[in-house]
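Okay, structure first, notes after.
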Amino acid sequence: MIGYIKGTVTDIFPGGVLLENNGIGYEISLSACAFERLVRDTQGGVYTYLQVRDDGLSLFGFDTAEEKKMFLKLISVSGVGPKMGIAILGSMSLKDLAMAIATSDAKTLSQIKGCGKKTAERIILELRENISSLDLGSSATASPIPRGDESDAVIALMSLGFSRTESEKAVASAYQSGANGVEEIISYALKGLAR
């Protein structure tokens, strides 16, 4: 298994590069972050995933180990292949992607090119319980938030004019403070947003 490659960019193609390492050129399809960095710097390393199929081998590259881990979670979902996984990663930040999955936000996921409503719902169904506090970043809580209550509270706060990010952080904080039920979570969240 090829897990990491460091080298010099010798050629660029749509969505990837040819990365030379010790006289061998590796053709790697890259996540948006990795592509931008390697094209800009003309050299560097990427974490890689090797796809083995009957018709050949394909290498996919990622900017960070966390990005690769999220990619592996995505392609574990039936109907999500490496190309769609790369497209999903390029559509939003890792934290936003994790939050969309954790909050069952199928609407946001289904706006990604190639990811329809059914695929978005499948991603949420299969990955929601696998999203850790590390995936969610600093706004995550140690304990899981009841999905329905959290989602309803976030929608309610957004309807009051708060951004999705503000709403999600406030709801997570409210739940961490011990709030239960939609009304109590909204009440605590509003107090936090008013500070």
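Values for this structure:
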{"quantity": "Total residues in segment 112-121, condition touching a helix residue (DSSP H, G or I) at 6+ places or on another chain (Cβ under 7 Å), over 15 Å from Leu89 (Cβ atoms) and open to solvent by 60 Å² or more (accessible area, probe 1.4 Å)", "calculated": "2"}
{"quantity": "Filter pass, Ile28 being out of contact with any Lys or Arg (no Cβ under 8 Å at 6 or more places or on another chain), in a loop (DSSP other than H, G, I, E, B) and aliphatic (A, V, I, L, M)", "calculated": "no"}
{"quantity": "Selected residue (criterion: nearest to Phe35 (Cα to Cα)) from residues of segment 52-81 that are open to solvent by 40 Å² or more (accessible area, probe 1.4 Å) and of a type in the set (Gly, Ala, Ser)", "calculated": "Ser58"}
{"quantity": "Scope segment 1-21; condition at pLDDT 95 or above and either assigned to a loop (DSSP other than H, G, I, E, B) or among the basic types (Lys, Arg) (or both); matching residues", "calculated": "Lys6"}
{"quantity": "Residue list for segment 161-171, filter: outside any helix (DSSP H, G or I) and out of contact with any Leu (no Cβ under 8 Å at 6 or more places or on another chain)", "calculated": "Gly161, Ser163"}
{"quantity": "Set Leu97, Leu89, Leu127, Leu109: member being open to solvent by less than 30 Å² (accessible area, probe 1.4 Å), within 25 Å of Ser29 (Cα to Cα), touching a Cys at 6+ places or on another chain (Cβ under 7 Å) and modelled with pLDDT of 75 or more", "calculated": "Leu109"}
{"quantity": "Enumeration of residues in segment 85-113 that are assigned to a helix (DSSP H, G or I), out of contact with any Ser or Thr (no Cβ under 7 Å at 6 or more places or on another chain) and among the small types (Gly, Ala, Ser)", "calculated": "Gly85, Ala87, Ser91, Ala98, Ala102, Ala106, Ser110"}
{"quantity": "Residue, farthest from Ile155 (Cα to Cα), within segment 170-186, restricted to residues that are in contact (Cβ under 8 Å) with a residue 24 or more places away in the chain and buried (at least 22 other Cβ atoms within 10 Å of the Cβ)", "calculated": "Tyr175"}
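So that you can scan it fast, the table gives a plain yes or no per residue for (1) in a helix (DSSP H, G or I); (2) surrounded by fewer than 21 Cβ atoms within 10 Å (Cβ to Cβ); (3) at negative phi:
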site: Arg40; (1), (2), (3): yes, yes, yes
site: Leu50; (1), (2), (3): no, yes, yes
site: Lys83; (1), (2), (3): yes, yes, yes
site: Ile123; (1), (2), (3): yes, no, yes
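The values are calculated or read from the model by the stated rules, or taken from the named source; none is laboratory data. Fair warning: this is a prediction, and the values are worked out from it, not measured in the lab. A quick note on method: Cβ atoms are made from the backbone with ideal geometry, for glycine too, and the neighbour counts reach across all protein chains shown. Please note that ligands, DNA and RNA were not included when accessible areas were found on the heavy atoms of the full protein model with its side chains. Shrake-Rupley method; radii C 1.70, N 1.55, O 1.52, S 1.80 Å.
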